[in-house]
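> The structure that follows is given in the form of structure tokens.
The values are calculated or read from the model by the stated rules, or taken from the named source; none is laboratory data. Computed from a predicted structure; not experimentally measured. Here the Cβ positions follow ideal geometry from the backbone for every residue, glycine too, while neighbour counts run over all protein chains shown.
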Amino acid sequence: MKAINISRVSSEDQKENSPEAQSFRMNSYCKNKHFEIIKEFDFIESAYKLKRDTFDEIMEYIEKVSKKEKVAVCFDKVDRLSRNIFDKRVAKLYEMAIGDKIELHFVSDGQVIDDKMSAGDKFAFGMKLGLAKYYSDAISDNVKRAFEQKRRNGEWTGRVRLGYLRFNKDIIIDPDRAYLIQKMFELYATNQHSLETIRTKITRLGLRSIKGNKLSKSCIDNILRDSFFCGMAISKYGPYIHKYPKLITRELFDKCKEIRSQRKKLPYKSHSRDFIFKGLLKCPNCGCSMSPEQHKKPSGLVYNLYSCTNAKGVCKKVYINENELLKPVYEVLERFGSISEDTQEKLVAELRKSTEAEAVFHKAQISRIRNAYDSIQEKQNNLLDVLIDKSITKDVYDKKHQELKDKMELLEIEMSEYQNADYNYQTTVAIVISVARRAKTIFEKSSDIAGKRTFLTYILQNPTLNEKTLGFTLRSPFNLVLELADNPNWLGDQDLNPDKQDQNLLSYH
């Protein structure tokens, strides 16, 4: 059989180590299998991007060759193909292999995808892809949580405001500009100045941007709207109190806001009750939010109802009982509970060989981060040399220096997450299935409504309403765990119906 070998790395940092090793293993494998290698591909491209031009060109070549004869398409490991189970290219190659047009060989994983695969092998392949994506996404989530912790500590990671300077990892008051920012707010608070007159006065007093330019009216307006100067930072995740010195008082900021907006105060709205599906559902008719209400019968029985807010004025008031919405949720949770502890242990044993691949992945990521960090440090040193040679101005140096420091800080956080991560793949699988098996108990024993809602958003995605019935899909990898719950004997039952197994796989992928 003829073979096509594909070596892929995610970034330039990995190129010097990985492709040659991949190619060597695949060439040795093909030699032992007596495969004739007709084409080798070696390229740099992230498997997470939706746009994968280079791989699409390889796909075209594979399709062209497979029309003439069956070929073996070889990868070193499954993750060299993709770490994203939803990648359309994975599905395409999988269909071609099952359709006896090609064979997929994953050399180091010891796995072959072809038309002779058992139902259990197919399920294991899907589970590996799904959990690989889940595991890598968890690392990304941890990096995001690190930034959340910075916000809780009052730290600011964005652009430094005019009137402040970065000093090491701290933000301090700019002695040359801070008092002029204060003056700007004071002038506006008198209600005797427009943006243009403030611009004229503040320019005459010497205020300039970091680049040395005069401020525009829009820039002044943005400054007067920015609560950072009175201690409140605003990020895309919401407002929080920062730890740095304030340039103005909250009262002065509010006075300027009142003058600028002249808006009436919003009426007071009492704190509303909490509901399980609050903020999660949209009306299937008009797309508006479904609003929850609590009703009480004369008998004292309390029940929760949901109805469309009818913000567009096109819907009738139709109420849906919360208990009815929960029925399909409980059906799924009960199906999870059918997984036995013995089945869980068998699955962990089956996926044990993935542990080494995950460890290698983590080591490669740490190496990538270190290389990127060293590269930025070298750029900083070169930048200082250029400043000493007076090839750039101090303002340009400060801007580039800060950009490089921000990148280094992000790499430090990412490095910390990978170093602290537990890449024991069996442990990850066991935790996921254990949570799924106990899902109903966890949900029922959650004492507060917010906890129940959080748990539902953890395992469910895209909840919708079909008339009065709740519909949803399961988040990965819980969709794969549900397949295991519905087909508990896939690990070795020879009487398992492959056709039925295939249908279930397609319905959840």
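> Residue 72: touching a His at 6+ places or on another chain (Cβ under 7 Å) and closer than 30 Å to residue 5 by Cβ, yes or no?
Yes: the conditions hold for residue 72.
> I've got another one for you. Here is a list of conditions, (1) over 19 Å from residue 164 (Cα atoms); (2) not hydrophobic (A, V, I, L, M, F, W, C); (3) not in a loop (DSSP other than H, G, I, E, B), and residue 222 meets all of them except one; can you say which number that is?
Of (1) over 19 Å from residue 164 (Cα atoms); (2) not hydrophobic (A, V, I, L, M, F, W, C); (3) not in a loop (DSSP other than H, G, I, E, B), only one is false for residue 222: (1).
> With respect to residue 168, is the statement that it is loosely packed, with under 15 Cβ neighbours inside 10 Å, free of Cβ contacts under 8 Å to residues at least 24 places away in the same chain and among the polar types (S, T, N, Q) true?
Spelling it out, residue 168 is indeed loosely packed, with under 15 Cβ neighbours inside 10 Å, free of Cβ contacts under 8 Å to residues at least 24 places away in the same chain and among the polar types (S, T, N, Q).
> Now a separate question. Applying the selection to the stretch 138-165, what residues are closer than 20 Å to residue 248 by Cβ and not in a loop (DSSP other than H, G, I, E, B)? Reasoning before the result, please.
Restricting attention to the stretch 138-165, the residues satisfying the condition of being closer than 20 Å to residue 248 by Cβ are 154, 156, 158-165.
Those that are closer than 20 Å to residue 248 by Cβ and not in a loop (DSSP other than H, G, I, E, B): 164, 165.
> Based on this model, can you work out whether residue 485 counts as among the hydrophobic types (A, V, I, L, M, F, W, C), at pLDDT below 80 and closer than 30 Å to residue 95 by Cβ?
yes
> Could you tell me whether any residue of the stretch 370-380 is in the same structural domain as residue 144 (by TED's automatic domain parsing) and part of a loop (DSSP other than H, G, I, E, B)?
No; the residues of the stretch 370-380 include none that is in the same structural domain as residue 144 (by TED's automatic domain parsing) and part of a loop (DSSP other than H, G, I, E, B).
> Just checking, which of 405, 363, 316 is modelled with pLDDT under 85 and outside any helix (DSSP H, G or I)?
Going through 405, 363, 316 in turn, the sole match is 316.
> Let me ask another. Any residue at all in the stretch 194-204 that is under 20 Å from residue 252 (Cα atoms), outside any helix (DSSP H, G or I) and either in the same structural domain as residue 256 (by TED's automatic domain parsing) or without any contact (Cβ under 8 Å) to a residue 40 or more places away in the chain (or both)?
Taking every residue of the stretch 194-204 in turn, at least one turns out to be under 20 Å from residue 252 (Cα atoms), outside any helix (DSSP H, G or I) and either in the same structural domain as residue 256 (by TED's automatic domain parsing) or without any contact (Cβ under 8 Å) to a residue 40 or more places away in the chain (or both).
> Another one. In contact (Cβ under 8 Å) with a residue 60 or more places away in the chain, in contact with a strand residue (DSSP E or B) (Cβ under 9 Å, 6 or more places away or on another chain) and aliphatic (A, V, I, L, M): is that true of residue 302 in this structure?
No; evaluated as a whole, the condition is false for this residue.
> Taking the options 148, 186, name whichever one is of a type in the set (Asp, Glu), modelled with pLDDT of 90 or more, over 30 Å from residue 96 (Cβ atoms) and surrounded by fewer than 20 Cβ atoms within 10 Å (Cβ to Cβ).
Of 148, 186, the one residue that is of a type in the set (Asp, Glu), modelled with pLDDT of 90 or more, over 30 Å from residue 96 (Cβ atoms) and surrounded by fewer than 20 Cβ atoms within 10 Å (Cβ to Cβ) is 186.
> Just checking, does the stretch 74-81 include any residue being outside any strand (DSSP E or B), modelled with pLDDT of 85 or more, closer than 23 Å to residue 39 by Cα and outside the structural domain of residue 487 (by TED's automatic domain parsing)?
Within the stretch 74-81 (the criterion being outside any strand (DSSP E or B), modelled with pLDDT of 85 or more, closer than 23 Å to residue 39 by Cα and outside the structural domain of residue 487 (by TED's automatic domain parsing)), the answer is yes, since at least one residue qualifies.
> Here is a check on your reading of the model: is residue 89 within 23 Å of residue 23 (Cβ to Cβ), outside any loop (DSSP other than H, G, I, E, B), modelled with pLDDT under 90 and under 25 Å from the mean Cα position of the chain (by Cα)?
Answer is yes for this residue.
> Quick test for you: out of 148, 155, pick the one residue that is in contact (Cβ under 8 Å) with a residue 12 or more places away in the chain and within 17 Å of the chain's Cα centre (by Cα).
Exactly one of 148, 155 is in contact (Cβ under 8 Å) with a residue 12 or more places away in the chain and within 17 Å of the chain's Cα centre (by Cα), namely 148.
> Kindly list, by first and then second residue, each pair from a residue in the stretch 457-477 that is assigned to a loop (DSSP other than H, G, I, E, B) to a residue that is hydrophobic (A, V, I, L, M, F, W, C) and surrounded by fewer than 19 Cβ atoms within 10 Å (Cβ to Cβ), limited to pairs with Cβ atoms under 6 Å and residues at least 6 apart or on different chains.
Listed by first residue and then by second, the contacts come to nothing, as the list is empty.
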